[in-house]
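The values are calculated or read from the model by the stated rules, or taken from the named source; none is laboratory data. Quantities reported herein were computed from a predicted structural model and do not represent experimental measurements. Every residue, glycine among them, receives a Cβ derived from its backbone with ideal geometry; neighbour counts consider all protein chains shown.
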Amino acid sequence: MTEHTDRHLCDACLEREYETYRHARVHEAIDRNKEWTERFRIASWPRWDYSLESSTLTFSENGQPRVIADIVVTGSVHSNKWEWSWGNPHMPSESRDRMSAVRDFGEEKEWAPLTTLFLESNEYLGWEFTAIAAHLLGADAGYRCPDSDAPGNFVYVVTFNTRFVQ
Ligand SMILES: [Zn+2]
């Protein structure tokens, strides 16, 4: 163990096969997201907005914020290409810093999907990578934010410190 590591290391992370690890993380993320969605009544809020300036995801009703989460961007999809946030200079520096732990984990494991900046995307890839990031960083949930100006483009995030606000 190095002193500067800022992610956990649990038994699940000792897995040697990427496919096995990936599969388990996706199922874990489905359960975690279900719990989060119920607890914060995510589906009931008519509007949501994300801000890369404040690194927050806000769910609102009648112009009032109801639920706010801090976010770390895991990556983005443009023109069917996935790009990890750790290498994307357009992403918030805190997201890039936090996500470097995921890249470092991929380097230790020699798992190329976690260390390759651009990858051909499909409808599952962003969720899969976001599930792995949620586990390694100890997030509440993962969320996919469509880019309203560019259909088919998305920003994927993991959430922390989700709270109701009045
Ligand atoms: Zn783990």
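The single condition among (1) closer than 27 Å to R163 by Cα; (2) surrounded by fewer than 15 Cβ atoms within 10 Å (Cβ to Cβ); (3) acidic (D, E) that D70 does not satisfy is (2). Of the residues making up region 11-61, those that are surrounded by 15 or more Cβ atoms within 10 Å (Cβ to Cβ) and in a helix (DSSP H, G or I) number 13.
For (1) farther than 21 Å from A150 by Cα; (2) of a type outside the set (G, A, S); (3) within 16 Å of the ligand (Cβ to nearest atom); (4) in contact (Cβ under 8 Å) with a residue 60 or more places away in the chain, each residue gets a yes or a no:
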site: D31; (1), (2), (3), (4): yes, yes, yes, no
site: D49; (1), (2), (3), (4): no, yes, no, no
site: D70; (1), (2), (3), (4): yes, yes, no, yes
site: S76; (1), (2), (3), (4): no, no, no, yes
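Among the residues of region 63-81, are any in a helix (DSSP H, G or I), in contact with a Ser or Thr (Cβ under 7 Å, 6 or more places away or on another chain) and at pLDDT 95 or above? For region 63-81, residues in a helix (DSSP H, G or I), in contact with a Ser or Thr (Cβ under 7 Å, 6 or more places away or on another chain) and at pLDDT 95 or above: absent. All of W127, W86, W111 fail the test of being surrounded by 13 or more Cβ atoms within 10 Å (Cβ to Cβ), farther than 18 Å from I42 by Cβ, within 15 Å of the chain's Cα centre (by Cα) and in contact (Cβ under 8 Å) with a residue 12 or more places away in the chain, apart from W86.
Just one of the numbered conditions (1) within 16 Å of D31 (Cα to Cα); (2) in contact with a strand residue (DSSP E or B) (Cβ under 6 Å, 6 or more places away or on another chain); (3) within 16 Å of the ligand (Cβ to nearest atom) is not true of R98: (1).
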